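Every read-out reported here was derived from the displayed coordinates using simple, explicitly stated rules and does not represent laboratory data. The structure presented is a predicted model; accordingly, all values stated were derived computationally and were not measured. Using ideal geometry, Cβ is built from the backbone for each residue, glycine included, and neighbour counts are taken over all protein chains shown.
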Amino acid sequence: MTNHDEAAERVQVLRDEIAQHNYAYHDADAPLIPDSAYDKLVRELQDLEAEHPDLVTADSPTQLVGATPTTSFAPVTHRQRMMSLDNAFDADELREWAAKLARSLDGQAVPAYVCELKFDGLAVSIRYENGELVQAATRGNGKVGEDVTHNVRTIADVPQTLKGDPPAVIEVRGEVYLSLANFEALNAAQIEAGEKTYVNPRNTAAGALRQKDPTVTASRNLSFWSYQLGEVEGGPELTTHHETFELLKSLGLPVNDHSRVVSTVDEVLAFIAEYETARHDLPYDIDGIVTKVDSLAMQNSLGFTAKAPRWAIAYKLPPEEQTTTLLDIEVSVGAGGQVTPFARLDPVFVGGSTVGTATLHNQDQVKAKDVRPGDTVIVRKAGDVIPEVVGPVLSERPKGLKPWVFPTECPVCSTKLIRPEGEARNRCPNYQCPQQVRGRIEHFVSRGAMDIEGFGESRVDLFVSEGMLADVGDIYSLDFERIGAMEGFGQTSVDNLASAIEISKERPLGNMLFGLRIQHVGSTVGETLAAGFGNLDNLMAASVEQIAEIEGLGPIIAESVHRWFAEPANVAVIDKLRAAGLNLEGPEVEDVAQTLEGLVVVVSGGLEGFSRDDVQTAIKSRGGKSPGSVSKKTTALVVGENPGASKLSKAEELGIPQLDEAQFVELLASGKLPE
Ligand code: I6G
């Protein structure tokens, strides 16, 4: 077979495959592969067609825009074609695009570009006549889309009547999308109802837009950004693309304010680099950056290819979803006994690193996602967020795969697991479970607690499995002679360990209380208890009410602390610590300055230097309030690791200042928001 024959054969295979994926993505709203894999197929086809131009046919997917209109919605012929965009996958391709523009413009460099976010949603065209919404259609194949007017009318962002002075006819093009907050809320409701979860916001938005019943669409709370004009009759003369935004805004249409006019390709690349990170702070998904030539006269002279405008390009951001094989589902046991399912994956490169395990959160989530060992699954890793399994690719499920069953026994100590009423987590109730013992000791010796240097996870593991440590009290009666005889220990390391343990006896009482891993006692609560009672004996003798009376504490913490000291096994640990001579005296009581008097500070996501309870105590003990949600009354939102999308989007919507951890610490000290 000749090289040309082989190419022709491969082109046919690629076209069939791409057609299948186009249908799955655009028409069935159920993609079979991630976008990145689809892009690779299209790229391969484009390359082959470029090498063998005689193989290009009018019906090749490279010459068509996307979905074929289906029969379920009335067809709408676009008066101006709704094209898609050519893609660039790296900086070189973007520079090449800019160089080609300059060549087409007789060597004249483009003086200004507009960079915009590429929202991961569904393109629609909305037609207004005399200011009234008359029709809305999907892109379809670019020439003919589907009539989704009734459904688009339910989107709160889309005005039925334009404001100001609308042109006689104006077609507004933009993206219908589902915000992350609304997507999460929808999935939470699905889990609550025992139903399957939705895979991602984009497909959920697509499904919602193509509902037969507009009340179902309305219930999904879709959103809309406008970014481009189609047919226009009348209205002001525009000379640049960025003026379009002003016109759209003046008519009451939503325009995203992350766009930027820049003058060089380097600035375009800087914008892209900025949003490769900033995308994780946005309350919606984006999958790329669109760059357009700003001058409309230049756009006009550049024109279109069969498929896309020459004056625009979409830079694809690295994919945050990939598919891989789910090898197995296992469970891990935490220090508090919580049993968490996680996926063992065939390692896959996604979101900037190789991922071999991913969380499955809890039993209900595994059920709602219906992922089974052996499945091909979609794995998502967005920024620093822990990787998660989004769902199975059902079309690839091998026959006979059985649903995964949550274990009934602890994988470490074989105790029967429990799931307390109203809790999402299963637990191992055995306080002596070696995994929990290990977890508690690791926490006690850790930096924020007793800070015992040289007492890492592997040593905790070793001493627990050798039967030398059953609880944190045993740390202070370790047999160093025996340790010295163990493999891997020289005299110096034994001496260092012994001295680090000795030094820890002088740590503040607050650190020790934090180290005991009492529920709701973080480092600040530990300090508050130590300062509030002056010494451990006073605290142990206190009633729930007396504990709750301490400034910054409440009944939940008080109940938990009291319960912990009422447990004889815990008192036995305290006895060991007392006998070892640990510092059980609190600091001199000092008044905490009421810097946050009258302020409302909401916290979302984990902070490095504060546990969840610490944060609350730190705010409340300074006179501030810290409710669980953002409202008009909120002074500031503190944003930590993995913040909740709904709090972020609400803060953004209301213009509430967002602080990082360092700024929060400053606020605690000064009561003032950063400049
Ligand atoms: O698919 C698209 C996404 C975003 C676009 C687009 C866009 O601008 C922000 N702009 C054009 C001109 C087209 N598609 C054709």
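With R₀ set to 60 Å, the beta-carbon distance separating A572 from T161 gives a calculated FRET efficiency near 0.20. Amide H contacts for F349 (H built 1.01 Å from N in the peptide plane; partners 5 or more residues away or on another chain; cut-off under 5 Å): V355. For the range 249-296, the Kirkwood radius over C-alpha pairs fed into Stokes-Einstein at 37 °C and 0.692 mPa s yields D = 264 µm² per second.
Taking the Cα centre of the range 317-423 as origin and assigning +1 to Lys and Arg Cβ atoms and -1 to Asp and Glu Cβ atoms, the resulting dipole is close to 300 debye. As a rough footprinting exposure proxy, the listed residues E233, E442 were ranked by other beta carbons within 10 Å of their own, and the order from fewest upward is E233, E442.
Rounding to the nearest 10 and keeping the result within 0 to 90°, find how far the Cα-based axis of helix 661-670 lies from the longest principal axis of the chain. It is inclined by approximately 60 degrees. The magnitude of the dipole of the range 473-548, with charges of +1 and -1 set on the Cβ of Lys/Arg and Asp/Glu and taken from the Cα centre, is near 200 debye. Model label points for A579 and D16, set 7 angstrom from Cα along the Cα-to-Cβ axis, are 7.8 nm apart. Would you mind calculating the relative contact order of the chain from Cα pairs under 8 angstrom and at least 6 residues apart, reporting the percent as a whole number? Worked out over the chain, it gives 9 percent.
Exceedance of the 24 Å cut-off in Cα-Cα distance is limited, within the set K163/K633; K100/K292; K381/K672; K118/K249; K40/K196; K196/K650, to K163/K633; K381/K672; K40/K196; K196/K650. Semi-axis lengths, largest first, of the ellipsoid equivalent to the range 549-644 are 32, 16, 13 Å, with √(5λ) applied to each eigenvalue of the Cα gyration tensor. By how many degrees, between 0 and 90 and to the nearest 10, does the Cα long axis of helix 555-566 differ from the longest principal axis of the chain? Its long axis makes an angle of about 40 degrees. Computed from the C-beta positions of N300 and E96, the FRET efficiency with R₀ = 22 Å rounds to 0.50.
Entry for the range 569-621 at q = 0.31 Å⁻¹: log10 I(q)/I(0) = -1.16, Debye formula applied to identical alpha-carbon scatterers, no solvent contribution. Rounded to the nearest whole Hz, the Karplus-based 3J(HN,Hα) values (6.51 cos²θ - 1.76 cosθ + 1.60, θ = phi - 60°) of the range 154-160 follow the sequence 7, 7, 4, 5, 8, x, 6, with x at glycine and proline.
Rg and Dmax of the chain, based on Cα coordinates, read 30.3, 92 Å. Against the chain, whose longest principal axis is taken from its Cα atoms, helix 265-278 shows a tilt of about 40°.
Using θ = phi - 60° in the Karplus curve 6.51 cos²θ - 1.76 cosθ + 1.60, the 3J(HN,Hα) couplings for the range 437-449 round to 4, 4, x, 5, 5, 4, 5, 4, 7, 6, 4, x, 9 Hz; x is entered for Gly and Pro. Summed over all non-identical Cα pairs, the Kirkwood treatment of the range 318-443 gives a radius of 15.4 Å. Positive contributions from Lys and Arg (+1) and negative ones from Asp and Glu (-1), summed over other residues with Cβ under 15 Å from the Cβ of H78, come out at +3. Of the Cα atoms belonging to the range 75-126, the radius of gyration and Dmax stand at 14.9, 43 Å. Remark on G230: its backbone amide H falls under 5 Å from those of E171, V172, R173, a criterion applied only to residues 5 or more positions apart or on other chains, H modelled at 1.01 Å from N. A compact globular protein would have a Cα radius of gyration near 2.2 N^0.38 Å; the ratio found for the range 189-306 is 1.37.
Test of understanding: ordering I418, I574, I289 by Cβ neighbours within 10 Å, fewest first, what list do you get? If you can, show how the numbers build up before the last one.
Values: I418 13, I574 20, I289 27.
Ascending Cβ contact count within 10 Å gives the list I418, I574, I289.
A cut-off of 5 Å between modelled amide H atoms, ignoring neighbours fewer than 5 places along the same chain, links V331 with F342.
With kT/(6 pi eta Rh) evaluated at 10 °C and eta = 1.306 mPa s, and Rh the Kirkwood radius from Cα pairs, the range 592-675 diffuses with a coefficient of 127 µm²/s according to Stokes-Einstein. Here the extension length gained between R397 and V216 equals 62.2 nm, from 0.36 nm per residue of separation less the Cα-Cα distance. Database note for the chain: Cys without another Cys beta carbon under 4.7 angstrom, C115.
Each listed q (0.10, 0.11 Å⁻¹) maps to a log10 I(q)/I(0) for the range 230-372 from the Debye sum over equal C-alpha point scatterers, namely -0.60, -0.67. Taking the helices alone, the chain has a mean residue ellipticity at 222 nm of -10500 deg cm²/dmol, built from -39,500 (n - 2.57) per DSSP H run of at least 4 residues and averaged over all its residues. Per-residue 3J(HN,Hα) values for the range 616-627, derived from phi via the Karplus relation 6.51 cos²θ - 1.76 cosθ + 1.60 with θ = phi - 60°, read 4, 5, 4, 6, 5, 5, 9, x, x, 10, 9, x Hz in sequence order (x marks Gly and Pro).
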